[in-house]
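One structure is given below, encoded as structure tokens.
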Amino acid sequence: MKILFFGPNGSGKGTQGAIIKDKFGIPHIETGVIFRDNISRGTELGKKAKGYIDRGELVPDEITIPMILSRLKEDDCKNGWLLDGFPRNLAQAKALYEALNKEGITLDIVIEILLDRQIAKNRIMGRRLCVNDNNHPNNIFIDAIKPNGDKCRVCGGDLKTRDDDQDEEAIDQRHNIYYDDKTGTMAAINFFKEISAKNGGVPKIISVDGTPGVKEVTADLLSKLEA
Ligand code: AMP
């Protein structure tokens, strides 16, 4: 199963991605994770990418496109993959589609999580991390998981914020790219929707409303995947 996974920063894509990956037993390939791993290992790729990432800009296509296309050729991708964070613009979408065509590989599914831009931003900026366990959900802007005063709602532990969650400029910059339907990520999604329409519904397009809580979004996503 070859799947593309779209959703703005703050839409819960990480959580849902892990569920899809387990369902199909395919590797979850996240461009952001690959870049961050290279930065922490101090590789040449990491050095080139760091400045762009710190500013919330895209790493140039000349670096990103070959990196992902070669990752998709690794052994663990033989039975499929879940690609998350790529393509992020129209040029990357076209490059991916051409590369897959060349190899005779069919893209099966394109998933998009729909979320209003302001809600996405609040979710990022409202996120609070429990010092005892990062998985304890706390968000000052989401009623269902509001902290207990300034303490973790699960265990009462102290809460802190993640630096990049509070960098409003970088969040806006990332969302500018995501919601851009001329050349940005929305344009990439529309590109695949047009292909699907011309191609008898292949790839299958699945749109999920990301506004409700994590459990509801998962249920909706799984039912659409099984339909
Ligand atoms: P993410 O973890 O997906 O939010 O990605 C973190 C950062 O990595 C982004 O803000 C970009 O700077 C960079 N990045 C991730 N995916 C791509 C991509 N497909 N093309 C260019 N840059 C990317």
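Residues in the range 32-57 that are in contact with a Lys or Arg (Cβ under 6 Å, 6 or more places away or on another chain) and near the ligand (Cβ under 7 Å from one of its atoms): how many? So the count comes out to 1.
Looking only at residues that are β-branched (Val, Ile, Thr) and surrounded by 17 or more Cβ atoms within 10 Å (Cβ to Cβ) in the range 28-38, which one is nearest to GLY85 (Cα to Cα)? Among those that are β-branched (Val, Ile, Thr) and surrounded by 17 or more Cβ atoms within 10 Å (Cβ to Cβ), it is THR31.
Exactly one residue among LYS2, LYS78 is away from the ligand (no atom under 12 Å from the Cβ), crowded, with 19+ Cβ neighbours inside 10 Å and more than 23 Å from THR183 (Cα to Cα), and that residue is LYS2. Cβ-Cβ contacts under 8 Å between residues 6 or more apart (or on different chains), taken from a first residue in the range 34-57 that is modelled with pLDDT under 90 and of a type outside the set (A, V, I, L, M) to a second residue that is more than 9 Å from the ligand (Cβ to nearest atom) and not in a helix (DSSP H, G or I), are listed as GLY56/ASP167.
Out of LYS198, LYS204, LYS215, LYS151, one residue alone is over 18 Å from LEU115 (Cβ atoms), of a type outside the set (Gly, Ala, Ser) and exposed (fewer than 13 other Cβ atoms within 10 Å of the Cβ). It is LYS198.
The values are calculated or read from the model by the stated rules, or taken from the named source; none is laboratory data. Only a predicted model underlies this, so the values are computations on that prediction, with no experimental measurement involved. Methodologically, a virtual Cβ is constructed for each residue, glycine included, from the backbone with ideal geometry; neighbour enumeration extends over all protein chains shown.
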